[in-house]
Amino acid sequence: MAENVEFNALESNSNAVMAVADTVRTTLGPKGLDKLLVDQTMNRHVSNDGVTILLSLKAIHPVARMIVEIAERQEQLVGDGTTTAVVMSAEMIKEGKRLIKELAVHPTKVVEGIDSGVRHACSLLEQEARQIAIDDSVLEQVVRTSLASKLDGERLAGLVLSALRAVGENARFNGGKYDFNKSIMVIRKTSMEDQVINGVVLERGRMDPELPLEVSKAKIMITRLDLKPVKEAWMKENNKYQEILLMENDRIKKSKEAVDAMLSTGANVILIASPEVDPAVEDMLVAKRVFAARISSEEIEHLCRYIGAKPVRVMEDLGRPDILGSAERVSEDEENNLIRLEGGSGRNIVTMIVSGTTKETSLERWRAAIDGVNAAEAALNTGIVPGGGAAELHVMEKVKALRLKGLEQVGLEVVTTALESIMRQILTNAGFNGLEKVMAAKASPPGYGIDINSGEPADMWKMGVVDPLMVKTTALQSAGEIAKSVLRIDRNLAAEDLSQQAFSESKR
Ligand code: ADP
Ligand code: MG
């Protein structure tokens, strides 16, 4: 069977995957090291974050690019566990290649084995998982574990926790799932201290320095009305003085009508998301001394939710009773060029401000803070399992005990090797003999891993080293998908043109 399989592609593809996986492997776990990224113009960035490192790699082998894609997928689906996914997929490919080359197992059998292995491992992990609530102290351990390997992780964990606690049950949406994307905003500011602000923060100042700095008991309108200026070109084309004057008067009149109509609703804060605004409108708002600021269209949704407003799209909307939202206070922090909205009457939102002495550290800390929030979300929604590779290790024993028919059984080994690799890598990165320590952990009860400082077996639950279930299952599934695609390729061929268009033409 295996004679038909050409090994060269497999060999070169798997080498490419290993090379890329090796660049992030050593960042895994609390003692993982950082990478210095340098570009052509000597810009540099230090990172410990798998997906960040992978995405900045230059000119990589097309198959290795698939590894970058799983990191991205993991990032999108859970937002943490990217290195875990990469390490597992590399391990699957390595072991799969061995089976195909050395034992002459046909790739389709290996692929089937991977499929059942991943499915079984995920359902076993699900059985191990414990459910947690937002006020459980174990939530703190989830966040600390997720941030253990990050720059300044301890302090960030504290910040993330206070944001989580501040927003609490308000972060539950449809069907009771937590969605912190909707309720915790994370912004980075090198000029400020780390802090959690109960409310929404806009990263800009108000429209004009003449406007009030603060409004309490704010009645807020969010508008997308068409406030476009009359095109100048239009005026230039028209050289009759009388007509220009008419048009100019018309412009002023229309602007005044728009501003009057907006203010007649009782609004004392106007947030403008219209793409263009006539200077005449701005001038009139300044003259009326209402607090006005520009916002982007992406900000409309969460602002509306926070203050309980409906965006105004057309003049007719102004007559509706439910358009205005309200907040206890809207104010500008001139020093930091920020606008804060606090005490909104809609659903609560908190903003985490993440500092950093340089742009580079603030970026890395900002990413880490988001990882922490994502880990908490995954833990609250799907439960937690023991960390440090312990959950994977003990599930592995059960996967090994499965009896599948024929050669599929061999494919299972691909998955068990991958499950074992996480603990081994974390411990190797901590300076131990990974394999030896994994053996010691295997001989210990379920939930046991290795204490990263002493090197002795320890109960990961008791040590507070816990991971969200979903980080593990998603990583395993994505790793399996990529391993399957790589192992099924028997040849790499040079093609003429695979751009979307050329491809669809040839299909017809
Ligand atoms: P990823 O990109 O996969 O999230 P990390 O570098 O964040 O990679 O490492 C996550 C892994 O580190 C998880 O398996 C987690 O359980 C483990 N880990 C965190 N803290 C500890 C600890 N104190 N002891 C052992 N393992 C830990
Ligand atoms: Mg992590």
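Sub-6 Å Cβ pairs linking a first residue in the range 225-250 that is under 25 Å from Ser297 (Cβ atoms) and open to solvent by less than 60 Å² (accessible area, probe 1.4 Å) to a second residue that is modelled with pLDDT of 80 or more and part of a helix (DSSP H, G or I), at least 6 apart or interchain, are Leu227/Val281; Val230/Arg251, ordered by first then second residue. Taking residues in the range 310-325 that are over 21 Å from Lys228 (Cα atoms), and partners anywhere that are among the polar types (S, T, N, Q), the pairs with Cβ atoms closer than 7 Å and at least 6 places apart or on different chains are Ile323/Thr265; Leu324/Thr265; Gly325/Ser345.
For Leu469, indicate whether it is at pLDDT below 95, more than 22 Å from Val24 (Cβ to Cβ) and not aromatic (Phe, Trp, Tyr).
Working: at pLDDT below 95: no; more than 22 Å from Val24 (Cβ to Cβ): yes; not aromatic (Phe, Trp, Tyr): yes.
Considered against the rule, which asks whether it is at pLDDT below 95, more than 22 Å from Val24 (Cβ to Cβ) and not aromatic (Phe, Trp, Tyr), Leu469 comes out as no.
Residues being more than 27 Å from Ile53 (Cα to Cα), assigned to a helix (DSSP H, G or I), away from ligand 2 (no atom under 15 Å from the Cβ) and out of contact with any helix residue (DSSP H, G or I) (no Cβ under 9 Å at 6 or more places or on another chain) are represented in the range 100-116 by at least one member.
Of all the residues in the range 441-472, those that are within 15 Å of ligand 2 (Cβ to nearest atom), in contact with an Asp or Glu (Cβ under 8 Å, 6 or more places away or on another chain) and of a type outside the set (Lys, Arg) number 3.
Assessment of the range 191-208 against the conditions (at pLDDT below 95, open to solvent by 60 Å² or more (accessible area, probe 1.4 Å) and under 18 Å from the mean Cα position of the chain (by Cα)) yields no matching residue. Taken over the range 4-48, residues that are among the polar types (S, T, N, Q) and part of a helix (DSSP H, G or I) amount to 7.
In the range 383-492, which helices (runs of 4 or more DSSP H) lie fully inside it and hold 2 or more residues that are under 15 Å from Val86 (Cα atoms) and under 29 Å from the mean Cα position of the chain (by Cα)? Write out each step before concluding.
On the way: elements: 390-400, 408-429, 434-442, 460-463, 469-488.
Result: 408-429, 469-488.
Residue pairs whose Cβ atoms lie under 7 Å apart, sitting 6 or more positions apart in sequence or on different chains, and linking a residue in the range 262-285 that is touching a residue at least 12 places away in the same chain (Cβ under 8 Å) and β-branched (Val, Ile, Thr) to a partner that is part of a loop (DSSP other than H, G, I, E, B) and open to solvent by less than 10 Å² (accessible area, probe 1.4 Å), are Thr265/Ile323.
If you check Gly383 against the conditions, is it at pLDDT 95 or above and away from ligand 2 (no atom under 16 Å from the Cβ)? Step through it out loud before you land on a result.
Values: at pLDDT 95 or above: yes; away from ligand 2 (no atom under 16 Å from the Cβ): yes.
Judged against the criteria, Gly383 is a match.
Scanning the range 49-81 for residues that are crowded, with 22+ Cβ neighbours inside 10 Å and either within 13 Å of ligand 2 (Cβ to nearest atom) or part of a strand (DSSP E or B) (or both) yields Asp49, Gly50, Val51, Ile53, Ala71, Gln74, Glu75, Val78, Gly79, Asp80, Gly81. Summed over the range 422-446, residues that are closer than 16 Å to Met396 by Cα, open to solvent by 20 Å² or more (accessible area, probe 1.4 Å), within 16 Å of ligand 1 (Cβ to nearest atom) and of a type in the set (A, V, I, L, M, F, W, C) total 1.
Within the range 450-476, residues that are within 16 Å of Ser421 (Cα to Cα) sit with their Cβ atoms under 9 Å from residues that are assigned to a helix (DSSP H, G or I) and acidic (Asp, Glu), at 6+ positions apart or across chains, in these pairs: Lys472/Glu392; Thr473/Glu126; Leu476/Glu392. Looking only at the range 6-21, decide whether some residue is within 13 Å of ligand 1 (Cβ to nearest atom) and in contact (Cβ under 8 Å) with a residue 12 or more places away in the chain. Yes, the conditions are met somewhere in the range 6-21. Could you say whether any residue in the range 89-97 is modelled with pLDDT of 90 or more, surrounded by fewer than 17 Cβ atoms within 10 Å (Cβ to Cβ) and closer than 28 Å to Gly388 by Cβ? No, the conditions are met nowhere in the range 89-97.
Restricted to the range 134-238, the set of strands (runs of 3 or more DSSP E) holding at least 2 residues that are over 21 Å from Leu271 (Cβ atoms), away from ligand 2 (no atom under 16 Å from the Cβ) and not charged (D, E, K, R) comprises 195-202. For the range 366-410, which positions are within 16 Å of ligand 1 (Cβ to nearest atom), open to solvent by 10 Å² or more (accessible area, probe 1.4 Å) and more than 30 Å from Ile184 (Cβ to Cβ)? The answer is His394, and nothing else.
The values are calculated or read from the model by the stated rules, or taken from the named source; none is laboratory data. Model, not experiment: these values are computed from the prediction. Cβ: placed from backbone, ideal geometry, glycine included. Neighbour counts: every protein chain shown. To get the accessible areas, we keep the full protein, side chains included, count just its heavy atoms, and leave off ligands, DNA and RNA. Shrake-Rupley method; radii C 1.70, N 1.55, O 1.52, S 1.80 Å.
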